[in-house]
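Here is the structure we will look at.
Computed from the coordinates by the stated procedures, all read-outs in this text should not be read as laboratory data. All values reported here derive from a predicted model rather than from experimental measurement. No Cβ is skipped: glycine too gets one built from the backbone with ideal geometry, and neighbour counts run over all protein chains shown.
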Amino acid sequence: MPNNEPIKVLIVDDRPENLTALEALLGDMGFLLVRALSGNEALRLTLRHTFALVLLDVQMPDMDGFETAELLRSNPKTRNLPIMFITAGMKDLNYQFKGYDIGAVDYLAKPIEPHVLRSKVRVFCDLHAQRLEIERREEALEELVRQRTETLVQTAESLLESRERYRSAFEQAAVGIAHVSTEGTILQANPAYCTMLRFERSELEGKSLQDITCSDMIMEDLGNMDLMREGKLFAYTVEQRCFRKDGTQAWLRNTVSLARDKEGRPEYFIRVAEDFTENQVLREQLLQSQKMEAVGLLAGGIAHDFNNILSVIMGYGNMISMKAGRDPQIEGYLNSLIGATEKAAALTRGLLAFSRKQEITLQVADLNDLVIRVSKLLERIVPEDISFDVRTCEGRLAVNIDAGQIEQVMMNLVTNARDAMPQGGALNVTTELVTLDANFVSAHGFGAPGDYAMVCVADTGEGINREVMKRIFDPFFTTKEIGHGTGLGLSIVYGIVSRHNGYVKVFSEPGVGTSFRVYLPLYANKIDDKPSAVAVPPRGGSETILLAEDDELIRVMETQVLADYGYKVIAACNGQEVLQIYREQGDSIALLLLDVIMPVMNGSDAYEEIRKIKPDVKALFITGYTADLVENKGLSLGDVGMVMKPVLPQELARRVRQALDS
């Protein structure tokens, strides 16, 4: 390469105005900017010229930036040419990950801070210049040896000057650079590399790569270093979790090359590192969010299938119970059957609570009873080396709560306490009636004065330090190893308690233990100890009901239930049949009882079509899907009542009668 040939930077974009903007931004840096309006043109130019860097647009017609980069990487001449993506669109993290996977050194989304872009371009051009300079010097040395000239002193001085310039670039580079011996020991590291790992230079130099790299990620690195020493690999890039001095972890993307001496013997490795910890955390959060969404969808689907099955069992079981004789043995069998279906229905509600798709349903309950009930389940998840003690206060603690969600709070807190005591310890759950006064609110910075039911979950575990305490309720924040915690447990606790107008307070000391105190407003009225009045049996009727249900077993069961209460039932298996029947017999139909989600035409669409015929038609929807899934499908239910499966025959008859009389 001629000495006077300038360093070239290839800028690729299908829009000339964007190329002009880049020229205006970088034109005064002393580099020759070469334009390309397409990926094909860029490929041709790279075969004819040597470039220090390619600034590549992602979104281009015919051949986009990703395809262009892959072709550059497949060509031996351009395989190691640094590529920096620049785009105004495609800001989604998945596109950034794709760019890095292809082998880009950076992925910048517009608008870009000018000094950031100039700094990054300067670094790679300086490195290119140094590499060219070294190559040129080596060629010059060979030529001097061949000619047996007497300019060895001048050559040595030039090499020293070149090394000094390289040292300057090494020290001032924005990326981390480290020289590593062939045995894997860090020989020297620039300030940026030390900052990434929060070590002083004197502390970092002399350490081996194994000292600062997670053990599950070092083997691939060492294997690639062996291949480079053998001449089987020119360069490689590896992403690793590394240990900082303070014990936290950083994700570094290392591009590794090998420096050789004049005889071609391996001298030392050059590692250029980029800290992408923040991007990695965002990626893990995205994956975790997607996983939780998948779990939610699975739970919702299972709940729907269970609800359909339970509707049939519960319906026929209650119908048999109402029609059977007074044989005590048969009555006992039926009560067991119905009780089992009610427990199964409670299980589906638990699935929905786990997936956080269950709307909050408040009901007055005794917190002491709930704690005692859920503690029997919690005993199964607490190992034998942890003493588990549950003590409730005297009297009742009446609270207006969604019992399923408060049970979820208890489950999360006890699970966290258990995990904080890997070597065993003590876990205590207590309840108490407390009064928060103005002094308490002022001292703790939360709450409203009044009476509260308090449940405390305390452990003798590792405790929580002050820095972690500040972020303890943040979504996705966890101190557990990857794969051992979602970072959502305590954020869910906080969300549930807040929805109940309650408060959570954490007390902890490292090495001593942690206690979580949940405060729930005390219900103003006492829980009625008197037995509930016997429910009045629902009243039947003789009206005609148009029933739509795609599940045949449920359709037959619901038809029989309504017929037993005196109604005439016309059954259909989808919304289209409903519409056809109503057009033919609409004058005689008093009520539409429609499943919300059905094939061919759903219940919501059928109802809207019938309203065009009769605007004041009476209707009642029934479904086994969760409310959020119905909403996500874009179904409009208006002010029509909703019956959730599984439903008891008496409750179905009661809701039908209410809809008819409304």
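Over region 175-275, one equal point on each Cα, no solvent: what is log10 I(q)/I(0) by the Debye formula at q = 0.21, 0.25 Å⁻¹? The Cα Debye sum returns log10 ratios of -1.07, -1.50. Legend: calculated FRET efficiency, Ile613 to Asp92, from the Cβ-Cβ distance at R0 = 45 Å, rounded to 0.05, equals 0.45. Using R0 = 56 Å, the C-beta based FRET efficiency linking Glu220 and Ile372 works out to 0.60. Sorted fewest first by neighbouring Cβ atoms within 10 angstrom, Glu17, Glu462 come out as Glu17, Glu462. Among the listed pairs Lys98/Lys120; Lys91/Lys120; Lys120/Lys232; Lys91/Lys245; Lys612/Lys645, a Cα-Cα separation exceeding 23 Å is found for Lys120/Lys232; Lys91/Lys245; Lys612/Lys645.
Within straight-line reach of Lys568, meaning a Cα separation under 20 Å, sit the following aspartates and glutamates at least 8 residues removed in sequence or on another chain: Glu543, Glu549, Asp550, Asp551, Glu552, Glu558, Glu577, Glu584, Asp587, Asp595, Glu651, Asp661. Computed on the Cα atoms alone, the convex hull of region 1-124 gives a volume of 101 cubic angstrom per residue. Between Glu113 and Thr237, the distance separating the two model label sites (each 7 Å from Cα on the Cα→Cβ line) works out to 2.2 nm. What the phi angles of region 12-22 give under the Karplus curve with 6.51, -1.76 and 1.60, with θ = phi - 60°, is a coupling list of 10, 6, 7, 10, x, 5, 5, 5, 4, 5, 5 Hz, glycine and proline written as x.
Only counting other Cβ atoms within 10 Å, I'd like Phe306, Phe85, Phe97 sorted with the fewest neighbours first. Show your work: numbers first, answer last.
On the way: Phe306 18, Phe85 25, Phe97 15.
So the ranking, lowest neighbour count to highest, is Phe97, Phe306, Phe85.
Between Asn400 and Ser257, the modelled label-to-label distance comes to 7.1 nm, taking each label 7 Å out from Cα in the direction of the beta carbon. For region 379-442, the calculated P(r), taken from all Cα-Cα distances in 5 Å bins from zero up to the bin holding the longest distance, is 4, 13, 19, 19, 17, 16, 8, 4, 0 percent. The spread of Cα positions in region 544-661, taken along each principal axis and listed from longest to shortest, comes to 36, 31, 26 Å. Going from the residue with the fewest nearby Cβ atoms within 10 Å to the one with the most, Glu558, Glu23 rank Glu23, Glu558.
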